[in-house]
Amino acid sequence: MKTNRYSGLHKQGGFSLIEMLVVLVIIAILAGVAIPVYIGMKPSIRLSGATRQIMGDLMWARMQSISQNNNFRIIYSNNYQYKILDDDNNDGTSTTGESIITKDIRDEYYDVIYSSSNPDDLIFYPRGNATNLTTITITNSSGTKTVTIAMTGRVKIEQ
């Protein structure tokens, strides 16, 4: 009986240099296509993020107004900052002991601005309703989105 002296050895596995180069070329091609697409989408992503932030802040102010049983006032400072006033005595101004939160959408979304259809401050009352129908338009280079606040206090993003 004849035995092969190499029969006890295992064939060593691995990737050849050619196989590794082919994989690297494929990854480079995919990255070359994906990166410009992602960079082109970033303004749209920032616009959506700023819209969600504004909507979330408005919904938070409404819920705080209901839970604390006092007015919450949204004060438009400029086209990228607004303040949320916890108006404990419901007099419409910031007095000692009342908290005021300043929000700047350019902290995270540097190319986004907003404008309101109502130049007066927006007020959420303890029953959850709002002073008037307001539309906030959020804009950047990729387009425009709107957040509407109904008199019932409902806050929603319009598509």
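The values are calculated or read from the model by the stated rules, or taken from the named source; none is laboratory data. Not measured: the values here are computed from a predicted model. Using ideal geometry, Cβ is built from the backbone for each residue, glycine included, and neighbour counts are taken over all protein chains shown.
Structure above, values below:
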| read-out | value |
| --- | --- |
| Verdict on ILE54 being β-branched (Val, Ile, Thr), under 30 Å from TYR76 (Cα atoms) and modelled with pLDDT of 90 or more | yes |
| Strands (runs of 3 or more DSSP E) enclosed by the stretch 77-135 - at least 2 residues per element that are of a type in the set (Ser, Thr, Tyr) and within 23 Å of the chain's Cα centre (by Cα) | 113-116 |
| Residue in the stretch 58-71 that is surrounded by 11 or more Cβ atoms within 10 Å (Cβ to Cβ) and in contact with a helix residue (DSSP H, G or I) (Cβ under 8 Å, 6 or more places away or on another chain) present | yes |
| Pick from the stretch 122-159, criterion over 28 Å from LYS42 (Cα atoms) and among the charged types (D, E, K, R), ranking: surrounded by the fewest Cβ atoms within 10 Å (Cβ to Cβ) | ARG127 |
| Inter-residue pairs, beta-carbon under 6 Å, first within 13 Å of ARG127 (Cβ to Cβ) and in the stretch 55-72, second assigned to a helix (DSSP H, G or I), 6+ apart | PHE72/ALA61; PHE72/GLN64; PHE72/SER65 |
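Conditions (1) at pLDDT 90 or above; (2) out of contact with any Cys (no Cβ under 8 Å at 6 or more places or on another chain); (3) among the hydroxyl-bearing types (Ser, Thr, Tyr), marked per residue:
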residue	(1), (2), (3)
ILE74	yes, yes, no
SER77	no, yes, yes
TYR82	yes, yes, yes
ASP88	no, yes, no
THR95	no, yes, yes
LYS103	yes, yes, no
ASP107	yes, yes, no
VAL112	yes, yes, no
